[in-house]
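Peer 1: My questions all concern the structure below.
All of the numbers you see were taken from the coordinates with simple rules; none came from a lab. Note that the structure is predicted; figures quoted are calculated from it, not measured. Counting neighbours? That spans all protein chains shown, and the Cβs are built from the backbone with ideal geometry, glycine included.
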Amino acid sequence: MDTIIQAVTAVMGPDVDWKQVFLIGMTPFFVLGLAVEWQVLRRRGQTHSYRLREMIANVSLGSGYQLMELVMWVLITGSIFAFVYQFRLFDVPVNGWTVLPIFIAVEFCYYWFHRASHRIRWFWSAHVVHHTGEVMNMSTAARQSLLNALVGTWLFYLPPVILGVPPAVVMFMLAVNLAYQWFIHTEAVGRLPRWMEYVFDTPSNHRVHHGRNPEYIDRNYGGVLIVFDRLFGTYEQERAPVDYGIPHQIRSYNFLVLNVHEFVDMLRDAWHANTARQRLKHLLAPPDWQPPGQSGHRTWTTERRTVARPDEPEQDQPRSNVTA
């Protein structure tokens, strides 16, 4: 173990991003989970979620995310965390008594990061990539953005560092959180016992989060736990079949388009705004906000997907490339 730590430190410097190191180390287990999931669904005759182009996009997006996170940690974010840690309020020990409270604190930070990533367009411009998949399997968890570090999602994990939790511990706890989420991106598991559904983010709870059904949008933000959603009123139980994707569905498998489409549209909306206040709202308001009478820019082809209630037919509205 010491040899591994020394080798990683030699490559990444003293401020190692243990989040990415742990996630990369978990890759064989992620692949194994995907293989088991496929076998289960194959035996049920339910392999419709395994679309080749979709899975290639998932893997490429995940690989790009991993590389960008490592680079950004070495160049920028690692130094920021180390700098902030110098001004910590306390020295929080890491032992058997504190591991669980630290983990819950990081989960709390994750909840607010995730909620902000849906309700503030600046953060949504990166997080949207994760929601553009229209099917659900474990590889969907890899569908991440190059822009995460660039838009500042790491800001949400500074509070534990300010309190006195070492940055390496915060990043490791976040890695465990994210690794758990790989295994809940699945349709192979139905609803679990009631107490588990009440406490944890389960496959059922997380399928809701990926739905563009009106009742499912912006619900179930938890990573490992679902208790903060229940506490803050963002919980929704899985009832109707989940329609995966986003309301303005991007029609592309291009790696760069998937990464930047919302960011580019956001900047175009802000550039063409009539007032400084509108420019700011294009960045900080919810993703669907537009000035009265305007519908926003769509640089690449999208399809407005309207999900009907169970007693109404679904309608796909015409595709468009650019809306002025």
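Peer 1: For the chain, modelled as a Gaussian network with Cα springs under 10 Å, which listed residue fluctuates most, Asn254, Asn220, Asn137?
Peer 2: Maximum fluctuation in the GNM of the chain, among the listed residues, is at Asn254.
Peer 1: Taking the Cβ of Pro203 as the center, what net charge do the other residues with Cβ under 13 Å away carry, scoring Lys and Arg +1 and Asp and Glu -1?
Peer 2: -3
Peer 1: By how many nm would the segment from Val257 to Leu231 grow when fully extended, if each residue of separation counts as 0.36 nm and the alpha-carbon distance is taken off? Could the numbers behind the result be given before it?
Peer 2: Working: separation 26, 0.36 × 26 = 9.36 nm, distance 3.66 nm.
Full-extension gain reported as 5.7 nm.
Peer 1: Let me ask you something else. Can you tell me the FRET efficiency between Val36 and Trp271 if r is taken as the Cβ-Cβ distance and R0 is 45 Å, rounded to the nearest 0.05?
Peer 2: Working: r = 48 Å, r/R0 = 1.06.
Step by step, r from the Cβ atoms, then E = 0.40.
Peer 1: What's log10 of I(q)/I(0) for segment 13-190 at q = 0.12, 0.15, 0.18 Å⁻¹, Debye sum over Cα points only, no solvent?
Peer 2: Reported log10 I(q)/I(0), two decimals: -0.60, -0.90, -1.21.
Peer 1: Measure off 7 Å from each Cα along the Cα-to-Cβ vector at Phe29 and Asp91, then give the distance between these two points in nanometres to one decimal.
Peer 2: The two pseudo-label positions are separated by 3.2 nm.
Peer 1: What distance in nm lies between label points placed 7 Å from Cα along the C-beta direction at Arg119 and Asp243?
Peer 2: 2.5
Peer 1: At a 10 angstrom cut-off on C-beta neighbours, averaged per residue, how do the peptides 262-268, 87-93 rank from highest to lowest?
Peer 2: Values: 262-268: 20.3, 87-93: 11.3.
Those peptides, ordered most packed to least, come out 262-268, 87-93.
Peer 1: Where does the chain land at 222 nm, in deg cm²/dmol rounded to the nearest 500, when only DSSP H runs of n ≥ 4 count, each adding -39500 (n - 2.57), divided by all residues?
Peer 2: Details: 15 runs with 169 residues, N = 324.
When only DSSP H runs of four or more count, the value is -16000 deg cm²/dmol.
Peer 1: So what's the net charge close to Lys281: Lys and Arg +1, Asp and Glu -1, counting the other residues with Cβ under 10 Å from its Cβ? Walk me through the numbers before you get to the answer.
Peer 2: On the way: positive: Arg121, Arg277, Arg279; negative: Asp269.
Net local charge, Lys281 excluded: +2.
Peer 1: Next up: Which value does Rg/Rh take for segment 210-270 over its C-alpha atoms, Rh per Kirkwood? Walk me through the numbers before you get to the answer.
Peer 2: Details: Rg = 14.8 Å, Rh = 13.8 Å.
With Rh from the inverse mean 1/r over Cα pairs, Rg/Rh is 1.07.
Peer 1: Here is a further query. Ranked by Cβ crowding within 10 angstrom, fewest neighbours first, how are Trp300, Trp18 ordered? Please report the intermediate quantities before stating the final value.
Peer 2: On the way: Trp300 18, Trp18 22.
Ordered by Cβ neighbours within 10 Å, fewest first: Trp300, Trp18.
Peer 1: Just the projected area, averaged over all directions, of the convex hull on the alpha carbon atoms of segment 126-281: how many nm²? Let's see the in-between values first.
Peer 2: Values: hull surface 45.3 nm².
Convex hull of Cα atoms, orientation-averaged projection: 11.3 nm².
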